[in-house]
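What follows is a set of notes on a single structure, which appears directly below.
The values are calculated or read from the model by the stated rules, or taken from the named source; none is laboratory data. Remember, it's a predicted structure, so these values are computed and weren't measured experimentally. All Cβ positions, even for glycine, are placed from backbone atoms using ideal geometry, and neighbour counts span all protein chains on display. Only protein heavy atoms, including side chains, enter the accessible area calculation; ligands, DNA and RNA are left aside. Shrake-Rupley method; radii C 1.70, N 1.55, O 1.52, S 1.80 Å.
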Amino acid sequence: MRLYNQLTKKVENFKPLDPANVKIYTCGPTVYSFAHIGNLCSYIYWDLLVRTLELNGYKVNRILNLTDVGHLTSDADEGEDKLEKGARREGKSVFEIANFYIDAFLKDFRSLNLVEPTKICRATDYIEQDKELVGLLREKGFTYETADGIYFDTSRFEKYADFARLDLENLQGGARVALSSEKRNVSDFAVWKYVKDGEDHAMNWEYNGRAGYPGWHLECTAISHAELGFPLDIHTGGIDHIPIHHTNEIAEAEAAYGVLMSRFWTHCNFITIDGEKISKSLGNIFTLTDLASRGFSPLDFKLWVLQGHYQGTRNFNFDDLTAAKSRRLKWRNLVARTYQSAEKENSQNDFKEKILELVSNNLSSPEAFAEIDGADLALSDWQFVDKLFGLDLVATSPDVSSEVMPLIEAREAAREEKDFATADKIRDELAAKNITILDTPAGPIWQYLA
Ligand code: AMP
Ligand code: ZN
């Protein structure tokens, strides 16, 4: 396989250390609101990564975390904990907020037909590991204490700027005026925050004699170390993670344990909507529920996402989503037709190898889709397409067929007897089941209407 690696800034050959245990860590959502379609893109691309690895014969061991504490509204360790903010907004406890939005996220995750991670880890279940990690960093002299927490001194970690190619001098210069806290360097970050006097922070634990909670970056380092061990094979996230979140995870992991954290770091790009950034103030935040209310299934959206490469900038609009929905309908109907054809078992010689080779080359799903459009596929080819992309193209065809075939035969019989009223009634009955009948030279076949 080939995959982009942010460590080297190029596409490289990927081989896991242990093919029977490919260790992947995916930064998951902060569970204080519904996921919007931008958030969901990354999980769709990493689903393709996992499926591609598995079809190449590897066994994937993948951890996804859920951030239910410590992610502040500002990346500069200022502002409010997002969970506390959600709790205030909805007049609920942080625990209720976390549980509610975890359920919502998992529902979205499953409706997109995404392969379940080996384990899904809640940040608050790893507080002991967090404390151990903070302890190691303190012991090794990488931290200092301020009034509001324990900070990582980034000037002590030599390669801090390399991962994101940060220009630290400029960063430092630009922020000198704004640097009002006790931070020594602008890039320093909290590994542990203390609950301030009078601050309402329901999720807190005692450490160093005070109530506090882990910094956001810490949970990913602690969880991935505890569950998978370093080095990971691949660490994934969105491009926004490169300059701060992942840069800081690397600093924590490599300072504490003295080993490489992950061999590959792969990030997906952001989508815009009608050319604009996704933001509350522009009112362009769409969830899967919003798409459903406009008649789009989660899998139509998944197909739209996979039509573009994970590293490209993407612009979302409803015309393009409509086109993606039509493409999926066309594919489902090709499957339906193949399913009803006598030649459904004649597989194309090298179709499966070809699309697997395309996606194995840095997840080139758009090229693989072009291949699907250009080929005349047998049922087993479509089954392979489903294994690779999880678009549910084949799943329902056998059931539909066994249900509607008797109706189609009854309609044929009615027409032969010139009983057109009955024939029309059956046609309407089929339409209610989202099925239409197509008369072909080989006889009538069923197709999906939508
Ligand atoms: P959050 O739960 O708010 O931390 O968001 C989770 C992740 O979703 C972010 O860190 C990004 O990697 C990703 N994300 C947010 N907005 C977009 C977008 N417009 N396009 C793609 N990914 C996004
Ligand atoms: Zn993370």
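Figures for the structure shown
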item	result
Given (1) within 12 Å of ligand 1 (Cβ to nearest atom); (2) of a type outside the set (Asp, Glu); (3) over 20 Å from Val134 (Cα atoms), index of the condition His246 fails	(3)
Residue under evaluation Glu78, criteria (1) modelled with pLDDT under 95; (2) in a helix (DSSP H, G or I), criterion not met	(2)
Every pair of residues 6+ apart whose Cβ atoms lie under 6 Å, when the first sits in the stretch 259-280 and is on the phi > 0 side of the Ramachandran plot while the second is modelled with pLDDT under 95 and surrounded by 12 or more Cβ atoms within 10 Å (Cβ to Cβ)	none
Hits in the stretch 207-242 - residues which are over 23 Å from Asp18 (Cα atoms), away from ligand 2 (no atom under 13 Å from the Cβ) and open to solvent by 10 Å² or more (accessible area, probe 1.4 Å)	Tyr207, Asn208, Gly209, Arg210, Ala211, Ile239
Subset of the stretch 358-372 that is of a type outside the set (A, V, I, L, M) and free of Cβ contacts under 8 Å to residues at least 40 places away in the same chain - its residue that is farthest from Thr52 (Cα to Cα)	Glu371
Hey, Lys354 without any contact (Cβ under 8 Å) to a residue 60 or more places away in the chain and either outside any loop (DSSP other than H, G, I, E, B) or open to solvent by 10 Å² or more (accessible area, probe 1.4 Å) (or both) or not	yes
Enumeration of residues in the stretch 243-302 that are among the hydroxyl-bearing types (Ser, Thr, Tyr) and surrounded by 19 or more Cβ atoms within 10 Å (Cβ to Cβ)	Thr247, Ser262, Thr266
Members of the stretch 55-71 found to be surrounded by fewer than 20 Cβ atoms within 10 Å (Cβ to Cβ) and either within 12 Å of ligand 1 (Cβ to nearest atom) or assigned to a loop (DSSP other than H, G, I, E, B) (or both), listed by number	Asn56, Gly57, Lys59
Odd one out for Leu334, checked against (1) open to solvent by 60 Å² or more (accessible area, probe 1.4 Å); (2) touching a residue at least 60 places away in the same chain (Cβ under 8 Å)	(2)
In the stretch 8-63, residue farthest from Arg165 (Cα to Cα) [restricted to those that are within 16 Å of ligand 2 (Cβ to nearest atom) and among the small types (Gly, Ala, Ser)]	Ala35
Selection from the stretch 414-437 of residues that are of a type in the set (A, V, I, L, M, F, W, C) and loosely packed, with under 13 Cβ neighbours inside 10 Å	Phe420, Ala421, Ala431, Ala432
Matching residues, the stretch 81-109, being more than 21 Å from the chain's Cα centre (by Cα), assigned to a helix (DSSP H, G or I) and surrounded by fewer than 17 Cβ atoms within 10 Å (Cβ to Cβ)	Arg88, Arg89, Glu90, Phe95, Glu96
Residue check, Leu112 under 24 Å from Phe296 (Cα atoms), open to solvent by less than 10 Å² (accessible area, probe 1.4 Å) and under 18 Å from the mean Cα position of the chain (by Cα)	yes
